[in-house]
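Engineer: One structure follows; several queries about it will come next.
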Amino acid sequence: MNDALARLRLSRTEGIGPATFRRLLARHGTARAALAALPAHAARSGRSFAAPPEAVAEREMAAVARMGGSFLFLDDPLYPPLLALLEDAPPALAVLGDPSVLKRRQVGVVGARAASAGGRRVAEELAAGLCAGGIAVTSGLARGIDAAAHLGALGAGGRTVAVVAGGLDQPYPPEHAALQARIAQEGGVVVAEAPLGTAPLARHFPRRNRIVAGLVLGLVVVEAALRSGSLITARLALEAGRELFAVPGSPLDPRARGGNDLIRQGAHLVETAEDVFASLPAQPLDLPLFNLRERRDLPAEPLPEAESPSESTAQLLELIGTTPVAVDDLVRRCHLSAPSVQALLLDLELSGLVETLPGNRVVRSSG
C-alpha cells in the first residue's frame, strides 16, 4: 500500500477528523503506521476506528482520475501552503483543473446568494481587478456573489478557485455544473474535501467555508445579511489571521447590513480592487503554531512503564477542565515527559474526553 492510498484511507476513517489525523501522523510518522496503530488506540479508548478497505480507497482514487482530477495530501509540494498552516487543514483534497493555482496568492470574494444586480457587478469587477494584479480569486461556487466572482475572474482571463461542499461529482447548485467544468478547463481549479458521491448538505457548508478562509490572504464580503454563511466565513478568516474587507451598501438593504457591520468593527472598506491591494498583507497576520514537519517528535513506542497508562491518564485528565489549558502547562504540572503527555492526549481525544484547540491548548469535551 503506497503512502497516498494510506493517507486517503486514514482521512476517510470514521472518528478521525483533520486535527486528529495530523496528530496521528505526527506520533506514528506515516499514515501506514497510524493505520496499523488504530486497533491499539481503539482498545485504549473504547471506540472503534474502521478505516475503509484498501479496495474502496483505490476505487475512489481511480474514479477521481477518470474525471481528470487528482488528490493533494498534506506535505505534498502542491498542497496549498496557507491552508496547510491550519490545525484542521483537510488531510486530503480532491481537485479538478490546475492544482498549481492553489499556490498562488489568493483573495476570497463571498456574499449573498440572492444578490442584487449591483452587488453582482461589484463582485465581477473586483474579481477582474484582482486577477489583473496577479491574484487568484477564491469562492464557493454558490449562486449570486460567488458565481459573479468566478465569472469576473474567468472573463478577465485570470485564475479562480472554486471550493465545493460536496464531492467533485456533485456540482451545487446543479445549474452551476457548466461553470464548475469551465473553471477546471480554463486554468482554474475546483477543490473538494468530501468523497465522491457526497451530496452538499447544509452541515457540509461550514467545512467548505473554513477551506475558503484558509486558502486566502484576505476575504472580501459583498452583500451579506447579519446572519449568513458569508459572515461565518468572515469569522473563520479572522480566526486564521486573514485580512478582512467589506463592500459598503445602503442601510435600507438587508443584504448590506452584514458588510456594513464588518466595516463598523474594523474591516477595510472596499470599492475597487485597488482598495484590497492597499491593505493586503504578504502573509497571514498570525501564523498558527502547528507545523507537521516540526512535530514528528512523538513516540510510536508504548508509554513509559513508570506509571501504568490508566494512572497517567487519570492524572492528566484531572488537570484538564472546562477552561482551555496550554499543553506546556500540563507537562509542567503532571511531571510526565512532553512526548508522553502528547501520546496520552491523543488517546483522550480519540476517546472523546478532551478537545484540542488552536494554540496547542486542550479542554474537556462538552459532549
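Engineer: Among the residues of the stretch 28-43 satisfying the criterion of being open to solvent by 30 Å² or more (accessible area, probe 1.4 Å) and without any contact (Cβ under 8 Å) to a residue 40 or more places away in the chain, which is farthest from F73 (Cα to Cα)?
Structural biologist: Ranking the candidates gives A43 first.
Engineer: Restricting the search to the stretch 52-71, which residues are touching a Leu at 6+ places or on another chain (Cβ under 8 Å) and open to solvent by 10 Å² or more (accessible area, probe 1.4 Å)?
Structural biologist: Hits for the stretch 52-71 are E54, E58, E60, M61, A63, M67, G68, G69, F71.
Engineer: For the stretch 311-328, does any single residue satisfy the condition of being touching a helix residue (DSSP H, G or I) at 6+ places or on another chain (Cβ under 6 Å), among the aliphatic types (A, V, I, L, M), open to solvent by less than 100 Å² (accessible area, probe 1.4 Å) and at pLDDT 50 or above?
Structural biologist: Yes, some residue in the stretch 311-328 is touching a helix residue (DSSP H, G or I) at 6+ places or on another chain (Cβ under 6 Å), among the aliphatic types (A, V, I, L, M), open to solvent by less than 100 Å² (accessible area, probe 1.4 Å) and at pLDDT 50 or above.
Engineer: Just to verify a result, which residue in the stretch 167-215, among those that are open to solvent by 50 Å² or more (accessible area, probe 1.4 Å), touching a residue at least 24 places away in the same chain (Cβ under 8 Å) and basic (K, R), is farthest from A57 (Cα to Cα)?
Structural biologist: Looking at the filtered set, the residue picked out is R182.
Engineer: Check off (1) under 25 Å from G119 (Cα atoms); (2) modelled with pLDDT of 90 or more for S228 and give me the number that stays unchecked.
Structural biologist: The failed condition is (2).
Engineer: For residues in the stretch 35-87 being among the aromatic types (F, W, Y) and touching a Phe, Trp or Tyr at 6+ places or on another chain (Cβ under 8 Å), which is farthest from R23 (Cα to Cα)?
Structural biologist: Checking each candidate, the answer is Y79.
Engineer: Just the residues that are surrounded by fewer than 20 Cβ atoms within 10 Å (Cβ to Cβ) and in a loop (DSSP other than H, G, I, E, B), please, taken from the stretch 240-270.
Structural biologist: Correct list: G241, P248, S250, P251, L252, D253, Q265, G266.
Engineer: Against the condition surrounded by 20 or more Cβ atoms within 10 Å (Cβ to Cβ) and at pLDDT 95 or above, how does G133 come out, does it pass?
Structural biologist: no
The values are calculated or read from the model by the stated rules, or taken from the named source; none is laboratory data. Please read these numbers as outputs of a predicted model, since none were measured by experiment. Note that we place each Cβ from the backbone using ideal geometry, even for glycine, and neighbour counts take in every protein chain shown. Side chains included, ligands, DNA and RNA excluded: accessible areas come from the protein's heavy atoms. Shrake-Rupley method; radii C 1.70, N 1.55, O 1.52, S 1.80 Å.
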